[in-house]
1. Taking the chain as a Gaussian network, Cα atoms linked when under 10 Å apart, which of Lys236, Lys207, Lys247 shows the biggest mean-square fluctuation?
2. Considering all alpha-carbon pairs of region 89-135, what whole percent are spaced by more than 14 angstrom?
3. If I build a Gaussian network model for the chain, linking alpha-carbon pairs within less than 10 angstrom, which residue out of Ser152, Ser293, Ser379 has the largest mean-square fluctuation?
4. For the chain, just list the percent of Cα-Cα distances falling in each 20 Å bin from zero outward, please.
5. Would you work out the relative contact order for the chain, in percent, from Cα pairs under 8 angstrom that are 6 or more residues apart?
6. Roughly speaking, what is the centre-to-centre gap between region 130-190 and region 245-299 when only Cα atoms are used, to the nearest Å?
7. Give me Leu322, Leu56 sorted ascending by neighbouring Cβ count inside 10 Å, so fewest comes first.
8. To make sure I understand, if each residue's beta carbon is the centre and we count other beta carbons within 10 Å, what order do Trp235, Trp264, Trp138, Trp190 fall in, fewest to most?
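What follows draws every value from the coordinates through simple rules; no lab data is involved. No experiment lies behind these values; they were computed from the predicted model shown. Cβ atoms come from the backbone with ideal geometry, glycine included; neighbour counts cover every protein chain shown.
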Amino acid sequence: RASRDSNETSPARKDDSSVHGLSETIVGVLGGGQLGRMLCQAASQLAIKVMVLDPLENCPASALSYHHMVVACGVLTVEIEHVDVATMEKLEQQGVDCQPKASTIRIIQDKYLQKVHFSRHGIPLPEFMEVNDLESAWRAGKQFGYPLMVKSKRLAYDGRGNAVAKSEEELSSAITALGGFDRGLYVEKWAPFVKELAVIVVRGRDKSILCYPVVETIHKENICHIVKAPAAVPWKISELATDVAHKAVSSLEGAGIFAVELFWTNNGQILLNEVAPRPHNSGHHTIESCYTSQFEQHMRAVVGLPLGDPSMKTPAAIMYNLLGEAEGERGFYLAHQLIGKALSIPGATVHWYDKPEMRQQRKMGHITIVGSSMGLVESHLNSLLKEDSSDCQ
Ligand code: ATP
Ligand code: MG
Ligand code: MG
C-alpha cells in the first residue's frame with residue numbers, strides 16, 4: 001500500500017493498527033543487516049514500528065522487526081544503497097514516501113555517477129575518469145600517475161570493488177581482478193592522505209542539516225577497522241571537513257542519515273571519497289558517545305520527529321570492528337574470546353550482530369569504548385587486543 005499525502009514536515013500515512021506511539025508511521029527498511037538491526041534497536045526505544053524488507057529469513061535485523069516482507073509502510077528507507085532503484089522510483093511515482101529519495105540512491109549506488117554529481121556541485125574530490133578499455137586506462141595512468149586506484153562503479157563495499165595498480169604493468173591485472181571492463185570501471189588519482197575522516201550528517205524532512213563531530217577512520221585492507229571520535233585534527237581541518245560534508249549532503253534529496261567519507265591530504269586539502277545514504281560504520285560510536293545516536297537520528301529524520309543533539313556526551317570514544325578472523329566455528333571461538341575480555345573493560349560496550357555465518361573479514365560485531373580521553377580509551381583497546389593475541393595463539 002502506498003501513501004499519497006506526503007509533505008515536507010510530517011510523514012505520510014498513519015497506520016490504523018498503531019497505538020499511541022511517538023510516531024504512528026510504520027518505517028519500512030530495505031535491507032536487514034547490522035545497520036537495519038541497530039535501526040530497529042533505536043526504533044524500539046521510541047516505539048516506532050519497523051518492517052525489515054530483506055530476502056534473507058534470518059538476517060540480523062529480523063529478530064527485532066515488527067513484521068516481515070510486507071509493504072504497508074508509511075515511509076520507506078534503506079540501510080544499504082545496493083537496492084533495486086528502478087522499483088524504488090516506481091514506488092515513489094505511485095506515492096510511496098521514500099526517505100532519502102530514490103534519486104539520491106540512484107546517484108550514490110553508482111560511484112562514478114556519484115563523483116560526477118559531486119564534482120558538478122563543486123565538492124573537492126580526487127580526480128577521476130571512466131575507463132572502458134585498456135587504452136583509456138593507460139591514458140588515465142599517464143595523466144594521474146601511480147599508484148592508481150581502479151574502482152568498480154557498482155555494488156562496491158568493504159573495498160570489494162577496489163584494486164590498486166602500482167604501475168602501468170599492474171593495470172591489466174587490477175582490471176581483471178575487478179571482473180573486467182564489463183563490470184563498469186573508473187579510476188581515481190591516488191589520494192595521499194594523512195588521515196581518513198568521516199562526518200555523519202542528518203537531514204530532516206524540513207531540509208535542516210546537523211553534523212556530528214568529525215571522526216578518524218582507520219582502514220585495514222580497505223575495510224573499516226577502527227574509528228576514533230573525535231578526530232585528532234587541527235580545528236581548521238575539522239571545520240573544513242564539516243563544511244564539505246554539509247555541502248555534499250545539501251546537494252542530495254531526502255531525509256535521513258548520510259555518512260561522508262573524506263581524505264585529509266598531505267597538502268591540507270579535504271577531498272570527498274564517497275557518501276553513504278544511510279547510517280554508517282563510522283557512526284556506530286554515537287550509540288554510546290552522543291546524545292542522539294545515528295540510528296535514532298535516522299528514525300527521527302525519516303518519520304519527521306524533531307532532530308536530536310548530535311554532540312558527544314563523552315570526551316572520547318573508540319570503535320573496533322569485530323571482523324571474521326577465520327571461517328566457521330574457529331572464527332566464532334576467536335570472536336567470543338575477545339568479547340569475553342571486552343565485557344570487563346571499563347567503558348566498553350559489545351555489539352554482536354548474530355549473523356548466522358562466520359566468514360573471513362566479515363563484519364560480525366563491534367566494540368565501542370568510551371572514556372575521559374582518547375589516550376585512555378586507546379590504552380583500554382590496546383590492552384584488550386594485546387591480551388587477546390597472547391591468549392589465542
Ligand atoms: P565502503 O565499505 O566504505 O563502502 P568501498 O568498497 O566503497 O568502501 P572506498 O570507500 O571507495 O571503498 O575505498 C575503500 C578504502 O580504500 C578507502 O577508505 C581508502 O582507505 C582507500 N581508497 C579509496 N580511494 C582511494 C584513493 N583515491 N586514494 C587512496 N586511497 C583510496
Ligand atoms: Mg562504499
Ligand atoms: Mg568507503
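1. Largest GNM mean-square fluctuation: Lys236.
2. Of all Cα-Cα pairs in region 89-135, 61 percent lie more than 14 Å apart.
3. Judging by the Gaussian network model, the answer is Ser379.
4. 27, 59, 14, 0
5. RCO, the chain: 14 percent.
6. Centre-to-centre distance over Cα atoms comes out at 26 Å.
7. In increasing order of surrounding Cβ atoms, one gets Leu56, Leu322.
8. By the 10 Å Cβ count, ascending, the order reads Trp235, Trp138, Trp190, Trp264.
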